[in-house]
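Accompanying notes for the structure given below.
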Amino acid sequence: MHRRAGTAKLGGVHTARSTPDVIVAGAGHNGLVAATLLADSGHRVLVLESAGHVGGAAVSARPFPGIDARISRYSYLVSLFPRALLRQLGVDIELRRRRISSYTPSGDAGVLICDDPARTRESIARTVGDDGASADALDRFGALTTGVAGRVFPTLTEPLRSRAQLCELVGDDAAWDALFEAPLSGVLETAFQSDLVRGIVATDALIGTFAGLDDPGFAQNRCFLYHVIGNGTGHWDIPVGGMGTLTGALADAARRAGAELRLNTPVTRIEAGDDRVAVHVDGGEVVEGGRLLANVAPAVLAELLGSPLPGDPPEGSQLKLNLLLRRLPRLRDPAVTPEEAFAGTFHVNEGYDQLQRAYRQAAAGQIPELPPCEAYCHTLTDPTILSPELRSTGVHTLTVFGLHMPARLFRADHDAARHAAVAATLASINAVLAEPIEDCLLVAPDGSPCLEAHTPVELEHELGMPGGHIFHRDLTWPFAEDEAEVGRWGVETPRPNVLICGAGARRGGAVSGIPGHNAARAVLAAAPAQK
Ligand SMILES: Cc1cc2nc3c(=O)[nH]c(=O)nc-3n(C[C@H](O)[C@H](O)[C@H](O)COP(=O)(O)OP(=O)(O)OC[C@H]3O[C@@H](n4cnc5c(N)ncnc54)[C@H](O)[C@@H]3O)c2cc1C
C-alpha cells in the first residue's frame, strides 16, 4: 500500500507534515473505511477522533472490574458489510455463521429456527399449533426477501438509482409493493396468521427505530429492508474476537495505507469554503484541508458547521444491556437446551400484538409494561473473548437489545427512568424463563453484579450519537428520492467539499462500511486516484 501522510511533533502539538487532501471527522468504522480507500489511492488523509480509541459504536471493552471478558459493547453482529469490501481493504476477519437463527419462547414451548429445516418446521407447528401453515408462510416470505436482497444489496455500493429504476431491477411487483409501497403491517398481517410468527418477522423492522408497524412514515419498512438484505442473504454473523477486532483491523488497514489517525482530538468547528475546509479542534489548533468527510452524525455536522439542523432531531429507541452469566438460565421448554436457545436471537415478548402495545405505551410516555427485547450469547459461537479461566468455569456473555425505549422517556428524570426500564426489561426476560436471570449473574471481585445498561441518553454522551440514535438518523431508502440525486452517492451535502461518510448518509446505518466506501468513491470521482 501507498504511504504519503505523516506527523511531526512541534512543541507538543501534532500537525500534519503537509496539508491533508481529506480530513475525516471521526474514526468510527466508516471513517476508517473511507480513510483507507482514499489513502490507498494516494490522497493525504488525516482522521480526527474525539475518543481515545477508534471504532465508535463498533468496539470491544472490558466493562466489569477485575473480569477478563472483552465484550462487543454496543454493536455485536455483522450482516451488511460487503465481503468484497473487506477483501479490498485487506481486512481478514472471520464472520462466523450462527447455527441457530432464533428462538422464541411461548409458554412451555418455543419456536426454534435453525439450520435443520425439519426441526424448525416441527418446532413451529408444535408451538403455534398448526399443521405447517406458519412454516410454509415463513419459507414463502423468506424467498420473497431473499429475492429482493440479491437484487438490492449489490446496488448499495453503486451510484444511486431512481425509485423506478430500482423497482425495475427488483423485477418482482408483489415483493416491491409489500416492502416499499405499503406499511409493513400490511404484508405481515396477510402473510402470517400466527401472532408469534408475525412478531418474529416484525422485530427486524424495529431495531433502533421508534415506529409502529403500520406507521405511514415507513421508517419500519426501511429498517426491515436493511435487516434482511445484507450480502444478499440477510444473515447476521458474529465477528470472531468481537467488534473491536474488526475496527482494530480497519485502523491497521488505514495506517498501512498511509492515513494519519489522531485520537483524543474532538472537532469543535468546521469552516467550509468553496475549495478548502478549516477544521478547529479542541485546544485551539486549526487544521486546513481540501475536503471534509463527516463520520459524525448529520446533526453533529450541522452544529459544527453552524448550519440549521437537517430535519427533525434524531431519536434512538433502545435499551442496551450487557451481562456476564455464571451459567445460562434454565428454560421452560424441555425441547430446547439453553445452549441452543441463546446461540441465536432469543426473542422476549416480541409477539406482534406485544410489539404494537409496547409502541403505543412508549408513544404515550410510559416505559412499556412488558418491554420487548432480544438477547443473544456471543460466547456460545465464539468463546475467544473470555479468558481461559472464565471459559473453563462456564461463564457466558449475554447482550440484550430492548425495543421501544425512546430517548424521550429518559429526558425528564434519567436515573429514575433508567432504573425502571432496566427492572422492567429484566422482569420481561424472567417472564419467559424457568428461573430469574439475576440468579445466574456473575459477580465481580468488588461485589458488583456483571450487568451494565445504556439508555439512548447515555449513548448520546458516550458515543456522540444524537438522541442515542444507533443509525445517526432514521434509515433512508436505498434509492434517490429526487431526480438530482440519481447517479450520486448519497453522501453529498449542500457544501461541495463536505461529504458524509458515516451512518447518516443514504444507505448508511449499521456496521457496513458502505457509507465510508461511497464517500470515498464520491471523492475519487471528483479527484481521481493519484497513484
Ligand atoms: C447499542 C448498539 C447496538 C448496535 N448493534 C448493531 C449490530 O449488532 N449490528 C450492526 O450492524 N449495527 C449495530 N448498531 C449500529 C452501528 O453500530 C452503527 O450504526 C455504526 O457503528 C455507525 O458507524 P459509523 O462509523 O458511521 O459511526 P460511529 O460508530 O458513530 O462513529 C463516529 C465516530 O465519530 C466520533 N466523533 C463524534 N463526534 C466527534 C467530533 N466532534 N470530533 C471528532 N470525532 C467525533 C465518535 O467518537 C465516533 O468514533 C448498534 C449500535 C448501538 C449503539
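For R119, are the conditions met, namely being over 30 Å from A294 (Cα atoms) and away from the ligand (no atom under 16 Å from the Cβ)?
Spelling it out, R119 is indeed over 30 Å from A294 (Cα atoms) and away from the ligand (no atom under 16 Å from the Cβ).
List the number of the failed condition for I100; all other conditions in (1) surrounded by 16 or more Cβ atoms within 10 Å (Cβ to Cβ); (2) at positive phi hold.
(2)
Report, by residue number, each residue of segment 294-319 that is open to solvent by 10 Å² or more (accessible area, probe 1.4 Å) and in contact with a Gly (Cβ under 7 Å, 6 or more places away or on another chain).
Scanning segment 294-319 gives N295, V296, P298, V300, P313, P314, E315.
Is there a residue in segment 433-454 that is within 16 Å of the ligand (Cβ to nearest atom) and either polar (S, T, N, Q) or on the phi > 0 side of the Ramachandran plot (or both)?
No: zero hits.
Being aliphatic (A, V, I, L, M), touching a Phe, Trp or Tyr at 6+ places or on another chain (Cβ under 7 Å) and touching a residue at least 60 places away in the same chain (Cβ under 8 Å) is true for just one of L80, L138, L86, L156. Which residue is that?
L80
With respect to C440, determine if the residue is over 18 Å from D204 (Cβ atoms) and in contact with a Pro (Cβ under 7 Å, 6 or more places away or on another chain).
yes
Restricting to segment 272-293, name every residue that is open to solvent by 80 Å² or more (accessible area, probe 1.4 Å) and not in a loop (DSSP other than H, G, I, E, B).
Passing the criteria: only E288.
I'd like the full set of residues that are among the β-branched types (V, I, T) and in a helix (DSSP H, G or I), limited to segment 113-134.
Correct list: T120, I124, T127, V128.
Among the residues of segment 16-32, which ones are outside any loop (DSSP other than H, G, I, E, B), more than 8 Å from the ligand (Cβ to nearest atom) and either in contact with a His (Cβ under 9 Å, 6 or more places away or on another chain) or under 12 Å from G502 (Cβ atoms) (or both)?
Answer for segment 16-32, where residues must be outside any loop (DSSP other than H, G, I, E, B), more than 8 Å from the ligand (Cβ to nearest atom) and either in contact with a His (Cβ under 9 Å, 6 or more places away or on another chain) or under 12 Å from G502 (Cβ atoms) (or both): V22, V24.
Taking A57 as meeting all but one of (1) assigned to a loop (DSSP other than H, G, I, E, B); (2) touching a His at 6+ places or on another chain (Cβ under 9 Å); (3) open to solvent by 20 Å² or more (accessible area, probe 1.4 Å); (4) more than 15 Å from the ligand (Cβ to nearest atom), write down the number of the exception.
(4)
The values are calculated or read from the model by the stated rules, or taken from the named source; none is laboratory data. Treat the numbers as computed from the prediction; the structure is a model and nothing was measured. We place every Cβ from the backbone using ideal geometry, glycine too, and count neighbours over all the protein chains shown. Remember, those area values only see protein heavy atoms, side chains included, never the ligands or the DNA or RNA. Shrake-Rupley method; radii C 1.70, N 1.55, O 1.52, S 1.80 Å.
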